[in-house]
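Report on the following structure.
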Amino acid sequence: MDKIEFTIPNMECKSCEAAITKKLKSIDGVKDVNVDLQTKRIAIQHDNPNLCQDDLTCAVEDMGYKVQVA
Ligand SMILES: [Cu+2]
């Protein structure tokens, strides 16, 4: 299982969290999504060897959120 983490600075509330989680879980191979609204950190566990970080960050950016990879 691979883990990818990044920050979504303009993720503000539970409905953002729910929408982002739902979108990411619809991506092939994504098994688990954990959001910390305090730190705006998101951690994604997946088992798809073809999935790269950009696939996940682009999906979030397409929804109108910003992404900080660090
Ligand atoms: Cu929100």
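The values are calculated or read from the model by the stated rules, or taken from the named source; none is laboratory data. Here the structure is a predicted model, which means the values were calculated and not measured. Neighbour counts are summed over all protein chains in view; Cβ atoms, including those assigned to glycine, are modelled from backbone coordinates with ideal geometry. Please note that ligands, DNA and RNA were not included when accessible areas were found on the heavy atoms of the full protein model with its side chains. Shrake-Rupley method; radii C 1.70, N 1.55, O 1.52, S 1.80 Å.
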For this session: Take the alpha carbon gyration tensor of the range 1-46, find the square roots of its eigenvalues, order them as a ≥ b ≥ c, and report rounded if a/c is under 1.5; if not, report prolate when a/b exceeds b/c, else oblate.
Result: oblate
Problem set entry | Over the chain: helical MRE at 222 nm, DSSP H runs n ≥ 4 each giving -39500 (n - 2.57), nearest 500 | -9500 deg cm²/dmol
Seminar exercise, completed: Whole-percent carbon and sulfur contribution to the accessible surface of the range 2-62 (1.4 Å, no ligands, DNA or RNA) stands at 43
Problem set entry | Rounded accessible area per residue of the chain, 1.4 Å, Å² | 60
Seminar exercise, completed: Quick calc, the chain, dipole around Cα centre from Cβ unit charges on Lys, Arg (+) and Asp, Glu (-), nearest 20 debye, gives 240
For this session: With springs connecting C-alpha atoms under 10 Å apart, model the chain as a Gaussian network and identify which of Thr21, Thr57, Thr39 has the largest mean-square fluctuation.
Result: Thr39
For this session: List the aspartates and glutamates whose Cα lies under 12 Å from the Cα of Lys14, skipping any in the same chain that are fewer than 8 positions away.
Result: Asp36
Exercise. Lys/Arg Cβ at +1, Asp/Glu Cβ at -1, dipole of the range 2-62 taken about the Cα centre: which of Asn50, Asn34, Val60 is farthest positive-ward?
Worked result: Asn34
Problem set entry | Paramagnetic reach from Leu37 (point 7 Å along Cα→Cβ, amide N under 16 Å) across the range 1-19 | 8-19
